[in-house]
Structures are given as C-alpha cells and as structure tokens.
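The numbers here are math on the coordinates, done by the rules we state, and not lab data. On a predicted model such as this, the values are computed, not experimentally measured, just so you know. Cβ coordinates were reconstructed from backbone atoms using ideal geometry, including for glycine residues, and neighbour counts include every protein chain displayed.
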Amino acid sequence: MLDWMQKHKKYLIVTIWVATISFVATGGFTSFSFAGMNTDIGKVGDIKLSSERFQMEYNNLYRQYSEQSGGKFDEEQAKKMKLEEQVIQSMVQEAKLINLANDFGVIVTDEELANTITGIELFKKEGKFSKEIYDTYLKNMRIPTKLFENTMKEQIKINKLLALLQVGATTKEVENLKVPFQIGDRFKYQILSENDINGTINEADVQKFWETKKNQFKTQKEYTFDIVWTMPSSIMPSEEDMKKHYQENSFKYNINGKSLSFEDAKAKIINELQLELSKKEAYLAYKALRDGKVMSVEKKTYTQDDKNVTADIWNIVKTKKAGEVIKPEIMDGKYASIKISSIKEPRVKTFDEAKNEVISLYKKDYATTALSKLAEEKLKNIQNSTLESVNFVTFDNIEKQNLSLNSQEKSIFFTKLFTSTQEKGIIPLDSKVIVYSVLEQKLLPFDNNKTSMLKTDVDKFKSQSFGSNLIKQLDTLYEVKMN
C-alpha cells in the first residue's frame, strides 16, 4: 500500500515521517500566503487542515524538487507545477486516511510516539537520544514542538492503518505467474534493415510526397514587439528591508539544493527590491506606450515561445492581438512594457524552404514501405529458408541472446514475440524489421530461487489495485471543505 502511494504522487503525496526529518535536517521555513495566520485552510471529515502544517509541507516538497533538480527549481517552476495544489491534495488524502484510521479505532500511544522520535538518528548523540539536540533543532528550524509531534503521530497512525490493509499473494497466484516464465520458444529469424533495400530517391518523387503533406511544413508564428525598458532603481534598500525580504523568500535562494545565507543571497535580494522600487516608473512607461506618447522603443522580433522571452510573458501575449500593450513584466533583469507591433501567422513553406525536412521524412517513409514489402516476401518463403535460429528463449535469458540487437530492441522484439499468437510473422522495430518463424515451444523448469521475487511482484500488483480502489472509496466517505 505504501509503495503504491509513493509511486502515485499524482494522486497522493503522503509525507512520511522520514521526509519530515529530512526537512528538519536541510532546514528552512518559507513565508507563505497562509503564514502567520493561526487558522485552518480546510476540513476533511473530522480532520482540520492547518495553515501551519500546510507551510511545513510546502517547504518540504519544494526542497525535495529543488534537490532533485540540482538546485534549479524556483518559484516560477513551483507555480507551473501547481505546488500549492499538490500540497493541499496531499494533506486532503492524508486526512482521509486519518479519518479512516479513527473510524477503525487505530490509536497511537505516547510510548509509540516517544519510541519513534527517540529512534531517529538525527536526534542522537553517542548512540543515545538527546533531548537537547531535539529541542535545538526544532527551535532553529522554527517548527513548533506540538506541530512536529502531531505530524509524527499522524504518520504512525497511517502506517498502522496501512499495515492492517496489506493484501498478500496466495500460493495459487504465484504458481500461475510462474508459467509465462517457463515457456521457451525455439525459432528462426532474419533481421532486415535499410541496407537490404535496393532503390534510389529522386527529387521528383520527393516533391510529389511534399504535395501530399505540405501542410505539415509550416513556418513558426512570429511576433514583432515594441519594447520600452525600465531599469531597476539605483536606490539601495535598507538592511532591514533586505533581511525581511530574505526571510519571506528564503526558499528561493539556493544552489544545488543548499540554502544560501543572507550574505550569499544579498546581490539577488538587492536586485529584486530595486526592481520593486522601479515598478511605479515601469507603469508610467507602460501608460505612455499605451497612449502613443513614447518617442523611442526597441523593436524586436521573436518566434512564438522563444526562450529569450519568459513563459509568463508568452502566456499573456498569446491572449492578445496586434496593437495591444502588455503591462510591465520582468525580462532580462528589468521591466519590459511591450506593444505587439505585428503578428505573422504560420504559412506553408515552399518546397525549397522545406526541402531538407521533406527529404528526411520521405527517406523514412520510403524505407518503412520498402522494408514492409521485403519482409512480406521473406515471410512467404520462410519455411524453406535457411536462417539463423535460437534455442528456447524465455523471459529470463533474453539478455543472453545474441541477435545483433541493442537492449531496447531486444526488449521490444521479445515482448511482441511472447505475446503473439502467430506461429510466424513480422515484428517492426524503429529502423529494422524482423521476420520470424517459431519452430518449437515447451515448458522449461522454473528457478525456484525466484519464487520470492514473483511473490513480491504479485504483492505490489494487488497493493496497487487495492490502493487505487481505496482512494476512490475514501473520496465518497469524507467530505472536503476548503476555506
């Protein structure tokens, strides 16, 4: 069950206590929209969703993504990934499980909570739990003791619930699953590639091909902007303002997942605050551009979604028409007020413009058609052909087969071979085609050392299926109310 939940974060992001400890170890607390509000953000069944817990979970998930991306994860990406919604969804699903645990009468004793916390290596000194280290960490990380211990208690309760709901594999299920691994095929085969094709490509054929598909070859949509730039203010912000800004946005300042100190982040903080100070001037420039009172603009042309323009600006531009003006947005470290001077819609490329693209596509199409015809001819005479043969291939010995195929090609070929009901046939790969004929099939002895592995696979499959249905059922049992 827990495996299912961890692998299906799209539906459920259960933050187990190990992740919470990871958060404590890496440090940091982000000021968020709910921060400082002693209130709840919603309720699921009988369980309240606290803003305090939301902020802790948001920081934790943000740092996980930051570490996974080597410190390249930022606030803009967090918005794109809808990180807030992910955290809220996680809290909602977790609350449903806690409701169910409460309905089942699952309890967590103070002794169980104490054993869990005192068993965490992070809080140990010379192999023993240190109350001083524990208190110091929570104080430094600004995590209230009550919040931390309640989080631990809820995760223990969920783990106990999941243990009750484990659905294991039966002996019969494991025995049935052994059969596909025992089936062995002895077959002969021939691999065909573009090197086996005879024929030449001429421009007349390519042009005919282009005529049938020319609508696939279009120019990109193109925008011409009139831009008025507003530079960041030259006023140096106060130390107090900089520290306040740092505290409220500390999660943004990191390199390779490691938080930057105030001093290390200072240059970026100054730039952000100076941009904020220049916002009023930027809006005056925007109004002048909108009203046609600007004498000098920088004219730039971009194809749609050009990376030199931010994704936020493109999202706005795509909703506008030529002649409209966009309010100031940050671009290249300064404010840009943009008037869409003109929009050039995509058009079908001429043959000469598209020639290289067309030839590439034509070659692939020609090779696919020619290989298919050649394979059909080979298949008709395969019984009388002397071809290479392979002795009793099973799922277990695929990698040992030497078929002049790479690992991915082998995997595709044997998957299609083992799932085919045809005695002979054609299996296409990316740039190759394999013609085959099965000569013999039989059940081979099973390696009983792999029984435990099969049982684990069945356990996981049943757990995933049960978990999926459980979540659907919980959705109908516990009402969700967001404030």
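Things worth noting here:
- DSSP loop trypsin sites (Lys or Arg not before Pro) with at most 14 other Cβ within 10 Å: longest gap in the chain: 143-292
- q = 0.14, 0.16, 0.24 Å⁻¹, the stretch 86-191: log10 I(q)/I(0) [Debye, one scatterer per Cα]: -0.75, -0.88, -1.26
- Placing a pseudo-label 7 Å from each Cα along the Cα-to-Cβ vector at residue 218 and residue 239 gives an inter-label distance of 5.9 nm.
- For the stretch 27-148, the Kirkwood hydrodynamic radius from C-alpha pairs, put into Stokes-Einstein at 4 °C and a viscosity of 1.567 mPa s, yields a diffusion coefficient of 78 µm² per second.
- Sites counted here are GluC sites (Glu not before Pro) in a DSSP loop (not H, G, I, E or B) having no more than 13 other Cβ atoms within 10 Å; the longest part of the chain that contains none of them is 127-323.
- Distribution of pairwise C-alpha distances over the stretch 222-344, 10 Å bins, in %: 13, 36, 29, 19, 4
- Span-rule helices in the chain, defined as complete DSSP H runs reaching 20 Å or more along the axis (Cα) with Kyte mean at least -0.5: 83-103, 145-164, 262-277, 451-477
- Candidate values (i) 42, 30, 26; (ii) 44, 29, 22; (iii) 51, 44, 19 were compared with semi-axes √(5λ) of the Cα gyration tensor in Å computed on the shown model; the agreeing label is (iii).
- Pairs of Cα atoms farther than 18 Å apart, the stretch 351-483, %: 73 percent
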